[in-house]
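Peer 1: The structure that follows is given in the form of structure tokens.
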Amino acid sequence: MLAAKLQIRGLCATALLFGAASLPFAFPLSASAGVKAAAPAVKSAEPTEARASQAFEEARKQGPLTLRAFLYRMPKGADLHNHLSGAIYAETWIRDAGEDHLCVDTKTLSFVAPENAKSRNEENSKHFEPVCKEGQVDAATVPQNQHLYDALIDAFSMRTFVPRTADSGHDHFFDTFGEFGGTRKSHMGEWLDEVATRAAAQNEQYLELMHTPDFKEAAALAAKIGYNSDFAQYRQQLVDGGIRSSISAASAELDTAEADRRVREHCGQLDEQPACKVKIRYVYQILRALPPEVVFAQIVLGFESIAADPRFVGLNLVQPEDAYVAMRDYSLHMRMLDAVHGSYPGSHISLHAGELAPGMVPPDGLTFHIRLAVEQGEAERIGHGVDIMYEDHPYDLLKEMAAKHVMVEVNLTSNDVILNIKGEDHPFEIYRRYGVPVALSTDDEGVSRIDLTHEYVRAAVTYPLSYRDFKKMVRTSLEHSFLHGASLWQQAVPETLDKPVEACAGQLGKETPAGACAELISQSEKAQQQWELEHRFHTFEASF
């Protein structure tokens, strides 16, 4: 009798999880590894949310695989910390290198240009045969060599990486970018399609992709003028010198890529793919491990691009934070941002700050990066923020971030493989405890061989999070997007994101808004995405 009751209980739980009538078997119930105690479910405002919350807890009991099935379907809003080049899987890089007639160095496991690269042109491109040096092979032949194919995937990602002396996860991770580089930017439409298709499959609706347009002309102009520590004057010299001339090429590159993406996804046609509904915007990615004049030129060009092309919605400084130049010039870069940002009102900034762990840098290097990013770099979002508790006066800083609504982009897998920070060593729960907004993101899903759902599952099995905790983080991702326009939510400190503005009260979850709410949403890209998210939550929760 007891066995029969347990089987029935399992069948009911499974039906609840997936919205099905009944299934011929029950999944075994077991406690999820890593979670000390599941958080008590918060009383839900709607019966459908309560059922979804119950289904989430049942999924947690049944283990990570069942939890993934639940979280894969759940609306996930936005991925706000996502490097486009790092999001592409190694298999795509290998295919593109073959199409570009590159060679593969079998010793360094990297792409290199063929010896006869200069003889290639548009007319002979299709039939071009690369001439590779000794120790190199035509990239197009790699799929026929399974051993080399596997070795390249491992070199381009963290797939089989095991830390060993002189080869840390940090070094292997960042080294991958130099190894799969060299493919043509003409593949960008394919890359956008790849990340959008993956996002759509997981019920994501918005991506902010970090992307670095060509800045060679801007860097040359800055060098020609000569470094000037009067940043307001230096900015004007760059503008007067024609730095804006680079913007049209970057915009044209996006035009071509996005047109290619629409073709691949059959947008506007009867067989339109779900990926068409994933909205993509770009964060201008600045390489900070370069000379000061080059970094400054990128900052100015980034702000100018945001002002000229609405597809660029913000900027960010990237490359390893512990690198020599990045550490040496960190305070200088914050002063640059502080001096220039005022000339571009309304421009948004997200900064990699606190992507550091004890031992990576001297102790004093852990004490000020996040604070400077918030107080001087004018960051509205912080990427990683792992070393927050090593900052001077960390509790004051946490309260300041909560009061200023500075959000933290949390990348759990990335922080583990690069910094060896995970579980209780990660400040994720500390940020939440102090009311600092947080949202999960992927960082470099191709290099890490993950997707956004993976990060949700990891958070669920590591921390005692409820369904409503996840729902709030999803809402947070869109609330702190750099899309223009007013929010759908009333503002509060700390953020709650559970009370819509008066104009939309009582309407959330519906397919279309009415009255003053419709007017608000028509004028706000952000509110449009938030409205869509609430409709998706309504549909998702009604399935249980």
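The values are calculated or read from the model by the stated rules, or taken from the named source; none is laboratory data. For clarity, every value in this text was computed on a predicted model and none was experimentally measured. Heads up, the Cβs are rebuilt from the backbone with ideal geometry, glycines too, and the neighbour counts pull from every protein chain shown.
Peer 1: Would you please list the contacts, defined by Cβ atoms under 6 Å and residues six or more apart or on different chains, that run from a residue in the stretch 351-372 that is polar (S, T, N, Q) to a residue that is buried (at least 16 other Cβ atoms within 10 Å of the Cβ)?
Peer 2: Within 6 Å, the pairs are Thr367/Glu391.
Peer 1: Go through the stretch 67-84 residue by residue and tally those that are buried (at least 21 other Cβ atoms within 10 Å of the Cβ) and either assigned to a helix (DSSP H, G or I) or aromatic (Phe, Trp, Tyr) (or both).
Peer 2: Count: 4.
Listed here are the residues, each with its yes/no results for (1) within 27 Å of Leu209 (Cα to Cα); (2) surrounded by fewer than 19 Cβ atoms within 10 Å (Cβ to Cβ).
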| site | (1), (2) |
| --- | --- |
| His484 | yes, yes |
| Leu488 | yes, no |
| Ala492 | no, yes |
| Lys510 | no, yes |
| Ala527 | yes, no |
| Ala542 | no, yes |
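Peer 1: Here's a follow-up. In the stretch 472-483, is there at least one residue being over 17 Å from the mean Cα position of the chain (by Cα), of a type in the set (A, V, I, L, M) and assigned to a loop (DSSP other than H, G, I, E, B)?
Peer 2: Within the stretch 472-483, none of the residues are over 17 Å from the mean Cα position of the chain (by Cα), of a type in the set (A, V, I, L, M) and assigned to a loop (DSSP other than H, G, I, E, B).
Peer 1: Go through the stretch 202-245 and give me each residue that's β-branched (Val, Ile, Thr) and more than 30 Å from Ser441 (Cβ to Cβ).
Peer 2: Correct list: Ile225, Val239, Ile243.
Peer 1: Based on this model, can you work out whether Tyr149 counts as touching a Pro at 6+ places or on another chain (Cβ under 9 Å), among the hydroxyl-bearing types (Ser, Thr, Tyr) and in contact (Cβ under 8 Å) with a residue 24 or more places away in the chain?
Peer 2: Against the criterion (touching a Pro at 6+ places or on another chain (Cβ under 9 Å), among the hydroxyl-bearing types (Ser, Thr, Tyr) and in contact (Cβ under 8 Å) with a residue 24 or more places away in the chain), Tyr149 qualifies.
Peer 1: Which ones in the stretch 147-186 are small (Gly, Ala, Ser), at pLDDT 90 or above and surrounded by fewer than 17 Cβ atoms within 10 Å (Cβ to Cβ)?
Peer 2: Ala151, Ser186
Peer 1: Okay, moving on. Out of the residues in the stretch 407-427 meeting the condition of being of a type in the set (A, V, I, L, M, F, W, C) and touching a strand residue (DSSP E or B) at 6+ places or on another chain (Cβ under 6 Å), tell me which one is nearest to Pro464 (Cα to Cα).
Peer 2: Val410
Peer 1: Kindly list the number of the only condition in (1) more than 19 Å from the chain's Cα centre (by Cα); (2) among the aliphatic types (A, V, I, L, M); (3) within 21 Å of Met401 (Cα to Cα) that fails for Ile382.
Peer 2: (1)
Listed here are the residues, each with its yes/no results for (1) touching a residue at least 24 places away in the same chain (Cβ under 8 Å); (2) surrounded by fewer than 16 Cβ atoms within 10 Å (Cβ to Cβ); (3) under 23 Å from His187 (Cα atoms); (4) in the same structural domain as Thr212 (by TED's automatic domain parsing).
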residue: His266; (1), (2), (3), (4): no, yes, yes, yes
residue: Tyr282; (1), (2), (3), (4): yes, no, yes, yes
residue: Phe296; (1), (2), (3), (4): yes, no, no, yes
residue: Phe303; (1), (2), (3), (4): yes, no, no, yes
residue: Pro310; (1), (2), (3), (4): yes, yes, yes, yes
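Peer 1: Within the stretch 211-233, identify whether any single residue is among the charged types (D, E, K, R) and either buried (at least 21 other Cβ atoms within 10 Å of the Cβ) or in contact (Cβ under 8 Å) with a residue 40 or more places away in the chain (or both), and answer yes or no.
Peer 2: No, the stretch 211-233 has no match at all.
Peer 1: Test each condition in (1) in contact with a helix residue (DSSP H, G or I) (Cβ under 6 Å, 6 or more places away or on another chain); (2) farther than 26 Å from Gln529 by Cβ for Ala275 and report the one that comes out false.
Peer 2: (2)
Peer 1: Scan the stretch 373-383 and tell me whether some residue there is out of contact with any Leu (no Cβ under 9 Å at 6 or more places or on another chain) and on the phi > 0 side of the Ramachandran plot.
Peer 2: no
Peer 1: Based on what the data block shows, is Thr197 out of contact with any Asp or Glu (no Cβ under 6 Å at 6 or more places or on another chain), of a type outside the set (A, V, I, L, M, F, W, C) and either surrounded by 18 or more Cβ atoms within 10 Å (Cβ to Cβ) or assigned to a helix (DSSP H, G or I) (or both)?
Peer 2: Considered against the rule, which asks whether it is out of contact with any Asp or Glu (no Cβ under 6 Å at 6 or more places or on another chain), of a type outside the set (A, V, I, L, M, F, W, C) and either surrounded by 18 or more Cβ atoms within 10 Å (Cβ to Cβ) or assigned to a helix (DSSP H, G or I) (or both), Thr197 comes out as yes.
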